[in-house]
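**Q** Got a structure here, written out as structure tokens. Questions coming.
No lab work stands behind these numbers, since they all come straight from the coordinates. Since the structure is predicted, the reported quantities are computational estimates derived from the model, not experimental observations. Ideal geometry is used to build each Cβ from the backbone, glycine not excepted, and the neighbour counts take in all protein chains shown.
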Amino acid sequence: MTITGSRGALTGKRIMVTRAKSQVRELVEQIENLGGEAYAFPLLKMVPPADYSKLDEAIAQLGTYDWLIFTSVNGVRFFFERMKALGVGVEAITSQLAAVGPKTAKELIAYGLSAAVIPSDYVAEGLFTSLYDQLLPGQRVLLPRADIARKMLPRELALLGMDVTEVDVYHTVIDAELAPEAALQIQQGKIDVILFTSSSTVNHFASAMAPFETPGWLDHVRIACIGPITAETARQHGLIVQVVASEYTVEGLLEALIENLGGNPYGTNI
């Protein structure tokens with residue numbers, strides 16, 4: 001989507017970005033283009049799995065799968081990096097492809113592939129709904145995902161009688177090195193908004209900040225979440241969520257934040 005706010009829509013706002021190190025730059029640049037000041041607090045690192053055996057076995061059997069389903073950009077990148085390391089070309093993929101959203105689908109295009117299914121809601125539930133009429137019991141499905149990925153999609157596919165293979169293509173680990181400085185920024189009132197782009201960023205934020213929490217320390221901060229699942233995770237950690245994107249993308253999150261800043265007071269949920 002195109003962000004409709006003016007170039008200066010975030011002027012005067014200092015916004016904490018909690019994405020993974022590999023993904024921080026894009027969001028920081030978008031905030032700065034809108035006039036805001038970004039404070040990067042990357043909480044996640046994506047690392048290869050310690051054991052490749054299950055992934056390598058799946059890649060060796062690529063021709064036997066009916067569906068190859070990707071639920072993140074990182075899943076695509078790590079999967080094809082491993083294929084390259086094994087000397088396996090994209091021509092080995094004979095299955096239909098599905099992607100959780102347009103950015104994941106765009107990443108597939110970079111490898112010369114196109115997704116047959118892209119849901120309108122960029123979450124696992126939306127992907128399952130979009131796939132439902134095309135799935136047949138007994139079909140083989142390969143899900144290359146993160147080690148902490150939600151279990152909703154493989155569970156529902158299995159209930160339909162699909163033969164589902166989940167493989168970890170990367171692990172998400174916490175990186176709390178900058179936590180003391182980030183906590184100080186919040187406590188000193190230097191952060192206006194905290195952006196959460198996944199449930200894992202919320203979970204890791206709560207873990208990293210636990211030693212530094214003080215009563216009311218987030219009262220002056222807007223909490224903005226990329227979608228309802230992330231927002232629910234935030235609420236489970238006791239955070240008051242003011243902004244929830246209706247389109248579950250970074251652009252949708254910034255659009256929702258701009259709208260919120262234009263009229264909604266702190267502490268008012270939308």
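**Q** If I take R0 = 25 Å and measure r between the Cβ atoms of residue 117 and residue 147 in this structure, what FRET efficiency does the formula 1/(1 + (r/R0)^6) give, to the nearest 0.05?
**A** With R0 = 25 Å, the Cβ-Cβ based efficiency is 0.55.
**Q** Can I ask one more? For the stretch 219-234 and the stretch 136-190, compute the distance between their C-alpha centroids and round to whole Å.
**A** Between the Cα centres of the stretch 219-234 and the stretch 136-190 lies a distance of 18 Å.
**Q** Would you mind telling me which residue in 90, 73, 202 has the biggest mean-square fluctuation in a Gaussian network model of the chain, where springs connect alpha carbons within a distance under 10 angstrom?
**A** Largest GNM mean-square fluctuation: 90.
**Q** Which of the pairs 54/84; 21/54; 13/106 have their Cα atoms more than 21 Å apart in this structure?
**A** Cα-Cα > 21 Å for 21/54; 13/106; rest within.
**Q** So how far apart, in nm, are the two label points at residue 158 and residue 187 if each is 7 Å from Cα heading toward Cβ?
**A** Going by the 7 Å Cα→Cβ label model, 4.5 nm.
**Q** Another question, if that's okay. Just the Cα atoms of the chain: what Rg and Dmax do they give in Å?
**A** According to the Cα coordinates of the chain, Rg and Dmax are 19.6, 57 Å.
**Q** So, one more: For the stretch 47-172, state the average projected area of the convex hull of the C-alpha atoms over all orientations, rounded to one decimal in nm².
**A** On the way: hull surface 27.2 nm².
Projected area, direction-averaged: 6.8 nm².
**Q** Sticking with this one: Helix 250-261: angle to the longest alpha-carbon principal axis of the chain, degrees 0 to 90, nearest 10?
**A** Roughly 20 degrees between the two axes.
**Q** Still on this structure: Under 12 Å from the 7 Å Cα→Cβ point of residue 207, by amide nitrogen: which residues of the stretch 30-71?
**A** 43-45
**Q** For the stretch 161-176, in order, what is each residue's ³J(HN,Hα) by Karplus, 6.51 cos²θ - 1.76 cosθ + 1.60 with θ = phi - 60°, in whole Hz (x at glycine and Pro)?
**A** These are the phi-based 3J(HN,Hα) values: x, 7, 8, 9, 10, 9, 10, 7, 9, 7, 10, 9, 10, 6, 10, 9 Hz.
**Q** Could you give me the ³J(HN,Hα) list for the stretch 218-227, computed from phi with Karplus coefficients 6.51, -1.76, 1.60 and θ = phi - 60°, whole Hz, x at Gly and Pro?
**A** Whole-Hz 3J(HN,Hα) from phi for the stretch 218-227: 10, 4, 8, 10, 7, 9, 10, 10, 6, x.
**Q** Then there is this: Given H placed 1.01 Å from N in the peptide plane, which residues other than close sequence neighbours of residue 16 have an amide H under 5 Å from its amide H?
**A** 39, 192, 193, 194, 195
**Q** A further question follows. Counting Lys +1, Arg +1, Asp -1, Glu -1, what net charge surrounds residue 67 among other residues with beta carbon under 14 Å of its beta carbon?
**A** Net charge around residue 67: -3.
**Q** Sort 200, 95, 246 so the one with the fewest other Cβ atoms within 10 Å of its own Cβ comes first.
**A** 246, 95, 200
**Q** Which length gain, in nm to one decimal place, applies between residue 11 and residue 37 when the Cα-Cα distance is subtracted from 0.36 nm times their residue separation?
**A** 8.6 nm
**Q** Normalised by the number of residues in the chain, what is the relative contact order in percent for Cα pairs under 8 Å and 6+ residues apart?
**A** Value for the chain: 19 percent.
**Q** Could you go through the stretch 100-116 in sequence order and give the Karplus-derived ³J(HN,Hα) for each residue, using 6.51 cos²θ - 1.76 cosθ + 1.60 with θ = phi - 60°, rounded to whole Hz, and x for Gly and Pro?
**A** My calculation for the stretch 100-116 gives 5, x, x, 6, 5, 5, 5, 5, 5, 4, 4, 9, x, 10, 10, 7, 6 Hz in order.
**Q** Can you tell which of 45, 13, 84 shows the greatest fluctuation in a Gaussian network model of the chain with Cα springs below 10 Å?
**A** The residue with the greatest mean-square fluctuation here is 84.
**Q** Expressed as a rounded percentage, what relative contact order does the stretch 1-145 have, with Cα pairs under 8 Å and six or more residues apart?
**A** 21
**Q** Based on the Cβ-Cβ distance from residue 134 to residue 246, what FRET efficiency comes out when R0 is 25 Å, to the nearest 0.05?
**A** Step by step, r from the Cβ atoms, then E = 0.40.
**Q** Suppose the chain between residue 29 and residue 217 were pulled fully straight at 0.36 nm per residue; how much longer would it get relative to their current alpha carbon spacing?
**A** Roughly 65.0 nm would be gained on extension.
**Q** Now for a separate question. Describe numerically, in nm with one decimal, the distance between label points set 7 Å from Cα along Cα→Cβ at residue 50 and at residue 178.
**A** 2.7
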